[in-house]
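**Student:** Mind looking over this structure? Questions follow.
The values are calculated or read from the model by the stated rules, or taken from the named source; none is laboratory data. Just so we're clear, the structure is a prediction, and the values are computed from it rather than from any experiment. Please note: Cβ atoms are built from the backbone with ideal geometry, for glycine as well, and neighbour counts cover all protein chains shown.
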Amino acid sequence: MKMLHVTDFHGHLPWYQWTARQAARYDLVALTGDLIDDTLSVSTEEQICVVRSLAAQLESKLLICGGNHDARELDPPHGYHDWLPDLRRHTLGSGESVIDFRGLRIGYLDWGDAPMWGDLDLLLSHQPPARCGPAIAEPEGIDWGDLSLRDYLDAELLRPRLVFSGHVHRPRRWAGCIKNTVTLNPGQAPSASAVPAHIEVDLLHRTLHWHSGTGLVDGRRLPE
């Protein structure tokens, strides 16, 4: 199975367009939060329409989780508790926080959700677990990770093989490990880039490939 992991589009239309064009190459497209941004000159209504358009095109393979910008108070009828669940009806997600997809057990955490328990193949969480490279912002060196999620992983109350995250736009590392869990955060490309930062995951060949959106690339193998 091949997966595309993107994050933190903040309503940037060219990145949604790029994702729609590339989606046919993947079995699953994961967008890990901050889909919109109410600080932009473009209205939240217009941004939500863009996200809905992507969801309509990729209904059978798109999975999302909500980020902090998605959770801000929005004008009716697009308050947080209205627009995200409505959007999720047109993606792989549902009212449940854990789904099964082609033999994979996948969970997602919207912003502010408490971690679930148990074994997962993949967890989507906008905020990375704390105290790992994908959670530490450079050049400041500030850890913006989720302490509760880290505690669950350390205690092995939650045991995902992979965590797809975002939130930190310039992470110290795009990949990290906590026990048997690989944590990933592609970061964010400059807005002038037509290509978003993204990570390609190939479960069959156990490979990860990171692309900065500005020409930098890196890769590693998934552990056995």
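**Student:** What number of residues in the stretch 163-186 are in contact (Cβ under 8 Å) with a residue 60 or more places away in the chain and touching a Gly at 6+ places or on another chain (Cβ under 9 Å)?
**Tutor:** The total comes to 7.
**Student:** Considering the stretch 60-85 alone, what residues qualify as being under 18 Å from the mean Cα position of the chain (by Cα) and either at pLDDT below 65 or surrounded by fewer than 20 Cβ atoms within 10 Å (Cβ to Cβ) (or both)?
**Tutor:** The answer is Ser60, Lys61, Asn68, Ala71, Arg72, Tyr80, Pro85.
**Student:** Filter the stretch 117-160 down to the residues that are among the acidic types (Asp, Glu) and touching a residue at least 40 places away in the same chain (Cβ under 8 Å), then identify the one that is surrounded by the most Cβ atoms within 10 Å (Cβ to Cβ).
**Tutor:** Asp121
**Student:** Limited to the stretch 107-116, what total is found for residues that are out of contact with any Pro (no Cβ under 9 Å at 6 or more places or on another chain), aliphatic (A, V, I, L, M) and either buried (at least 20 other Cβ atoms within 10 Å of the Cβ) or under 18 Å from Arg88 (Cα atoms) (or both)?
**Tutor:** 0
**Student:** Given (1) closer than 13 Å to Thr181 by Cα; (2) in a loop (DSSP other than H, G, I, E, B); (3) not charged (D, E, K, R), where does Leu149 come up short, assuming only one miss?
**Tutor:** With respect to (1) closer than 13 Å to Thr181 by Cα; (2) in a loop (DSSP other than H, G, I, E, B); (3) not charged (D, E, K, R), Leu149 is out only on (2).
**Student:** While we're looking at this one, here's another question. If only one of Val168, Val201 is among the hydrophobic types (A, V, I, L, M, F, W, C), modelled with pLDDT of 95 or more, surrounded by 18 or more Cβ atoms within 10 Å (Cβ to Cβ) and in a strand (DSSP E or B), which one is it?
**Tutor:** Val201
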